[in-house]
1. So which of GLN62, GLN19, GLN41, GLN96 ends up being open to solvent by 50 Å² or more (accessible area, probe 1.4 Å), under 21 Å from VAL151 (Cα atoms) and assigned to a helix (DSSP H, G or I)?
2. Filter region 74-93 down to the residues that are among the hydroxyl-bearing types (Ser, Thr, Tyr) and crowded, with 16+ Cβ neighbours inside 10 Å, then identify the one that is farthest from ASP126 (Cα to Cα).
3. Tell me, please, whether a residue that is more than 30 Å from ILE40 (Cβ to Cβ), basic (Lys, Arg), in a helix (DSSP H, G or I) and free of Cβ contacts under 8 Å to residues at least 24 places away in the same chain can be found in region 257-277.
4. Condition test on ILE6, is it touching a residue at least 40 places away in the same chain (Cβ under 8 Å), within 20 Å of the chain's Cα centre (by Cα), open to solvent by 50 Å² or more (accessible area, probe 1.4 Å) and closer than 24 Å to THR238 by Cβ?
5. Hey, which of the strands (runs of 3 or more DSSP E) in region 115-204, taking only ones fully inside, have at least 2 residues that are at negative phi and open to solvent by 30 Å² or more (accessible area, probe 1.4 Å)?
6. Against the condition touching a helix residue (DSSP H, G or I) at 6+ places or on another chain (Cβ under 9 Å) and hydrophobic (A, V, I, L, M, F, W, C), how does VAL77 come out, does it pass?
7. Check whether at least one residue in region 86-105 is at pLDDT below 95 and either on the phi > 0 side of the Ramachandran plot or outside the structural domain of GLN163 (by the TED database) (or both), and report yes or no.
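The values are calculated or read from the model by the stated rules, or taken from the named source; none is laboratory data. Note that the coordinates shown come from a computational prediction; the quantities given were computed from them, not determined experimentally. Because the Cβ atoms are built from the backbone with ideal geometry, glycine has one as well, and the counts that use them run over all protein chains shown. Just the protein is used for accessible areas: all its heavy atoms, side chains included, with ligands, DNA and RNA removed. Shrake-Rupley method; radii C 1.70, N 1.55, O 1.52, S 1.80 Å.
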Amino acid sequence: MKNVSIIGGGVLGSQVAFQSAFFDCNVVMYARTEDSVKRIQEKLAKLVPIYGAYFNNPEKAQAAHDAIKISMDMSEVLADSDVMIESIAENLEAKQKLYESIQGIAPEKTIFLTNSSTMMPSAFCDFTDRPDRFLALHFANSIWQNNIAEVMSHDTTDPKYNQIVMDFAKQINMVPILVKKEQPGYILNSLLVPLLQSAEMLLANGVGDVETIDRTWMIATGAPVGPFAMLDVIGLTTAYNISLQASLKNPHLQGVTDMLKAYIDAGKLGVATGEGFYKYPNPSYKASDFLKG
């Protein structure tokens, strides 16, 4: 499991790519356009000092960065892939189009993994040409320190791939968590998403403002950050896509969806754009800094 292909160069896709390269995998990332290449390069560059400091090895961090390849040719990305990790938007139609478009391109040996935050692999395994070698490997944000990797298969996954993927997770310094049966949100997001949605509803319904809600959670639980600081790191686009799907079943969440869309339309996507629920005037600023004032 040395050759890793990454499709999706957002926050987590870039982190997974860097983590894999740092722990000695050969990594190729797919980008649709020249603009996408530039955005991926910017994200990867920001990870160099983070990994260098966290692992006390700036030389290895720079080498990992330099070794990652980015290509707009899907055939090149998948040419000798042992494992393909998909980390695109939480949108079923988009995932269907992607998996249908790469049918027949990857070698037979390639294991397909989705990093979907909330969707179950059975929802789109039939869009692949290898449902027996398709399962989920879900990463948490800031994977260099929050290094769990949730492994979740579906009914037609060959069971042997659970262990193979868990071994791969260990190989790239992750702690594998086996999810024993399909669950929307796995274990981590089954716990986290209700917290975030509750905070969003409190804000959308005018019960409390961002700072008050976060301060309440932090002081009462001892957490280092509150739910809105978490959302800024996760990205409001991801939060919006999750809320949009959830609001189809729960109309009470429509106000949350509308609120998140207003932030997105204003260009406030979170840490990545320098503003979300909080402003980030410099890279060292943290949303919890409001507690110091």
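1. Working: GLN62 fails: under 21 Å from VAL151 (Cα atoms); GLN19 fails: open to solvent by 50 Å² or more (accessible area, probe 1.4 Å); GLN41 fails: under 21 Å from VAL151 (Cα atoms).
GLN96 is the lone residue from the list that is open to solvent by 50 Å² or more (accessible area, probe 1.4 Å), under 21 Å from VAL151 (Cα atoms) and assigned to a helix (DSSP H, G or I).
2. SER81
3. Scanning region 257-277, I find no residue that is more than 30 Å from ILE40 (Cβ to Cβ), basic (Lys, Arg), in a helix (DSSP H, G or I) and free of Cβ contacts under 8 Å to residues at least 24 places away in the same chain, so the answer is no.
4. The answer is no for ILE6.
5. Working: elements: 134-139, 148-152, 175-178.
The qualifying strands (runs of 3 or more DSSP E) are 175-178.
6. Considered against the rule, which asks whether it is touching a helix residue (DSSP H, G or I) at 6+ places or on another chain (Cβ under 9 Å) and hydrophobic (A, V, I, L, M, F, W, C), VAL77 comes out as no.
7. Looking for residues that are at pLDDT below 95 and either on the phi > 0 side of the Ramachandran plot or outside the structural domain of GLN163 (by the TED database) (or both), one finds at least one in region 86-105, hence yes.
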